[in-house]
Amino acid sequence: MKNKHIAFALLWFFSIKLTAQQLTYVPDIVIGHRSSTYLHNVNFQFNNKIRVNNLTLFDTEYKENKNNIFFIRNTLSYNISKKISLNAALGIKNPGSFFTISAQYRILKPTYSFAYSIGTTYQKGITIEQSISIEYYPRLTENLQLYFNFLAIANVNLEEYQRGLQFIRLGLKEKKVSYGLFLNLDQFNNNNKTLENAGTFIKYQF
């Protein structure tokens with residue numbers, strides 16, 4: 001319950017603080033069969049080269065607390081071209097704090113986006129981290145779009161597939177709000193532990 005209170009407090013705080021055009025806040029709330037999740041992205045664009053991002057996630061089980069997931073990451077990005085950026089991030093996640101440096105290739109179009117990142121993360125050891133994100137939102141009518149989102153992240157070292165996740169969203173988009181069905185898959189320590197969650201989501205861009 002504590003995580004839920006924090007999540008909704010953050011939602012309220014950022015909703016009243018967004019006054020600058022350079023600042024965007026995108027909360028994503030999901031209600032699944034195993035847990036509920038609050039996720040947000042906060043971006044601040046200083047200029048066409050430098051931006052900062054805060055990504056926060058709280059995943060809270062209904063029955064037990066042992067599988068609760070938390071993830072907070074603050075990233076500084078420098079665009080070396082329209083499609084390529086260099087990133088440095090500090091954060092905290094199960095089981096502790098971490099530091100990441102990475103490079104990202106991104107394509108942003110009116111009806112789709114694609115991003116691929118590769119880098120290294122230090123958290124009680126070094127892992128190679130890769131991620132891929134795909135969004136597709138073709139227009140169905142003047143005010144309605146199909147919405148599809150796929151995100152996958154994997155951390156590996158010389159010994160194991162340490163951590164992985166896949167998020168899938170399928171639904172509809174109306175202006176700044178998206179909603180529909182979701183599936184979240186999490187893997188830990190060579191798939192010795194896995195978690196699944198499915199249900200509905202709603203996402204809004206302030």
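The values are calculated or read from the model by the stated rules, or taken from the named source; none is laboratory data. Everything numeric here is computed off the predicted structure, so don't read it as measured data. Here the Cβ positions follow ideal geometry from the backbone for every residue, glycine too, while neighbour counts run over all protein chains shown. Just so you know, the surface numbers come from the protein's heavy atoms only, side chains and all, with ligands and any DNA or RNA stripped out. Shrake-Rupley method; radii C 1.70, N 1.55, O 1.52, S 1.80 Å.
Of all residues in the range 77-105, those satisfying the criterion of being among the basic types (Lys, Arg) and surrounded by 13 or more Cβ atoms within 10 Å (Cβ to Cβ) are Lys83, Lys93.
Just to be sure, is Leu108 aliphatic (A, V, I, L, M) and surrounded by 12 or more Cβ atoms within 10 Å (Cβ to Cβ)?
Values: aliphatic (A, V, I, L, M): yes; surrounded by 12 or more Cβ atoms within 10 Å (Cβ to Cβ): no.
Answer is no for this residue.
Of the strands (runs of 3 or more DSSP E) lying entirely inside the range 83-197, none contains at least 3 residues that are over 30 Å from Tyr62 (Cβ atoms) and touching a residue at least 40 places away in the same chain (Cβ under 8 Å). Please work out which one of (1) within 30 Å of Lys66 (Cβ to Cβ); (2) of a type in the set (Ser, Thr, Tyr); (3) open to solvent by less than 80 Å² (accessible area, probe 1.4 Å) is the condition Tyr137 fails and give its number. Among (1) within 30 Å of Lys66 (Cβ to Cβ); (2) of a type in the set (Ser, Thr, Tyr); (3) open to solvent by less than 80 Å² (accessible area, probe 1.4 Å), the lone unmet condition for Tyr137 is (1).
Within the range 186-206, the residues that satisfy the criterion of being more than 20 Å from Thr127 (Cα to Cα) and open to solvent by less than 70 Å² (accessible area, probe 1.4 Å) are Leu195, Asn197, Ala198, Gly199, Phe201, Lys203.
Each row is one residue, and each column tells you yes or no for (1) among the polar types (S, T, N, Q); (2) over 19 Å from the mean Cα position of the chain (by Cα); (3) under 27 Å from Ser178 (Cα atoms); (4) surrounded by fewer than 18 Cβ atoms within 10 Å (Cβ to Cβ).
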site	(1), (2), (3), (4)
Asn47	yes, yes, no, yes
Asn53	yes, no, yes, yes
Lys63	no, yes, no, yes
Lys66	no, yes, no, yes
Ile69	no, no, yes, no
Thr75	yes, no, yes, no
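All of Tyr25, Tyr78, Tyr38 fail the test of being in a strand (DSSP E or B) and within 23 Å of Tyr116 (Cβ to Cβ), apart from Tyr78. Within the range 111-125, being surrounded by 13 or more Cβ atoms within 10 Å (Cβ to Cβ) and either hydroxyl-bearing (Ser, Thr, Tyr) or at pLDDT 95 or above (or both) holds for Tyr112, Ser113, Phe114, Ala115, Tyr116, Ser117, Ile118, Gly119, Thr120, Thr121. A Cβ distance below 7 Å, combined with a sequence gap of six or more or placement on separate chains, defines the contacts here; from the range 23-40, residues that are open to solvent by less than 30 Å² (accessible area, probe 1.4 Å) reach residues that are in a strand (DSSP E or B) and of a type in the set (Gly, Ala, Ser) in the pairs Val30/Ser36; Val30/Gly199; Gly32/Ala198; Gly32/Gly199.
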